[in-house]
Amino acid sequence: MTRHETYATHNDVFEYHGGTTIQVIRQQADQTVWQDWLIFDTVEAAMEYFNDCCSVG
């Protein structure tokens, strides 16, 4: 699953493929300028964060 958050200076893309990690990619002008992984203790915690805290895109 992928969700997007759009800001005036950049876009953040959250990618969740199941499991306990969510990949965060920051893009400016269609270029990736930063990426990181959010790591959770449980699958349920990762899903809850993704569903509650990431914008629907």
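Each value in this text was obtained by applying a stated rule to the coordinates, not by laboratory testing. None of these values were measured; they are calculated from a predicted model. Cβ sites come from the backbone with ideal geometry, for glycine too, and all protein chains shown count toward neighbours.
Being touching a Phe, Trp or Tyr at 6+ places or on another chain (Cβ under 9 Å) and part of a strand (DSSP E or B) is the filter here, so list the residues in region 29-57 that pass it.
Within region 29-57, just LEU38 meets the criteria.
If you go through region 24-50, how many residues are within 19 Å of THR6 (Cβ to Cβ), exposed (fewer than 15 other Cβ atoms within 10 Å of the Cβ) and of a type in the set (S, T, N, Q)?
4
Consider ILE39 carefully, then state whether it is more than 8 Å from the chain's Cα centre (by Cα) and on the phi < 0 side of the Ramachandran plot.
So ILE39 passes the test.
Which numbered condition in (1) under 11 Å from the mean Cα position of the chain (by Cα); (2) surrounded by 15 or more Cβ atoms within 10 Å (Cβ to Cβ); (3) not in a strand (DSSP E or B) is the only one that VAL13 fails?
(3)
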